[in-house]
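Peer 1: Got a structure for you, written out below as structure tokens; questions coming shortly.
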Amino acid sequence: ATRTERLLLAEDNAVNQKVALIMLARLGYRADVAANGHEAVAAVRRQTYDLILMDVQMPEMDGLEAARQIRAAGPPDRRAGPWIIALTANAMQGDREQCLAAGMDDYVSKPIKTEELAAALERARLAMASR
């Protein structure tokens, strides 16, 4: 079954993009792709996304800065904006807090595991349904 949520994948690495898109497809999701933070911010200005998978480490503009800009430009009630899931290779102690402080809603560590991605997407769907 194809999901109706609009997804944006912000990931600079072409291999990681492909892997994430395949995982998403298996879970019934289609996603647009942004190759860096600037592209992610521009994409969100062009159209509404329900969910953004945001790589934290990207060149030019990282995921934290992109999330801050998306939140700053979005509705004052953050819950009305997109649900942002951080994708990060450094699952270090302060990372989760840093991601949440930048305006992200959830966190999946890389390399991404399908089960973890599915669980994060399910949490997002439940959270969005209760808004």
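Peer 1: Under a point spin-label approximation (7 Å from Cα along Cα-to-Cβ), what is the Val15-Arg123 distance to one decimal in nm?
Peer 2: 2.7 nm
Peer 1: When the chain is modelled as a GNM with alpha-carbon springs shorter than 10 Å, which of Glu97, Glu60, Glu11 fluctuates the most?
Peer 2: Maximum among the listed residues: Glu60.
Peer 1: Per residue, how large is the accessible surface of the chain? Use a 1.4 angstrom probe and give square angstrom.
Peer 2: Working: 6910 Å² over 131 residues.
Per-residue value: 53 Å².
Peer 1: Kirkwood Rh over alpha-carbon pairs of the chain, then Stokes-Einstein at 37 °C and 0.692 mPa s: what D in µm² s⁻¹, rounded to an integer?
Peer 2: D, rounded to a whole number, is 228 µm²/s.
Peer 1: Calculate for the chain the 222 nm mean residue ellipticity that helices alone would give, adding -39,500 (n - 2.57) per DSSP H run of length 4 or more and normalising by residue count, nearest 500 deg cm²/dmol.
Peer 2: Computed ellipticity for the chain at 222 nm equals -13500 deg cm²/dmol.
Peer 1: May I ask you to give the percent of accessible area on the chain that is carbon plus sulfur, with a probe radius of 1.4 Å?
Peer 2: 53 percent
Peer 1: Given a Förster distance of 22 angstrom, what is the FRET efficiency for Ala80 paired with Arg30, based on the Cβ-Cβ distance and rounded to 0.05?
Peer 2: With a Förster radius of 22 Å, E is 0.45.
Peer 1: Now for a different question. Using 1/(1 + (r/R0)^6) with R0 = 25 angstrom and r between the beta carbons of Thr4 and Gln57, what's the FRET efficiency to the nearest 0.05?
Peer 2: 0.25
Peer 1: Another question, if that's okay. For the chain, set up a GNM with springs between Cα atoms under 10 Å and report which of Ala43, Ala14, Ala34 has the largest fluctuation.
Peer 2: Highest fluctuation among the options: Ala14.
The values are calculated or read from the model by the stated rules, or taken from the named source; none is laboratory data. Every value quoted in this text rests on a predicted model; they were computed, and no experiment measured them. Neighbour counts are summed over all protein chains in view; Cβ atoms, including those assigned to glycine, are modelled from backbone coordinates with ideal geometry. Ligands, DNA and RNA are excluded from the accessible area calculation, which covers all protein heavy atoms including side chains. Shrake-Rupley method; radii C 1.70, N 1.55, O 1.52, S 1.80 Å.
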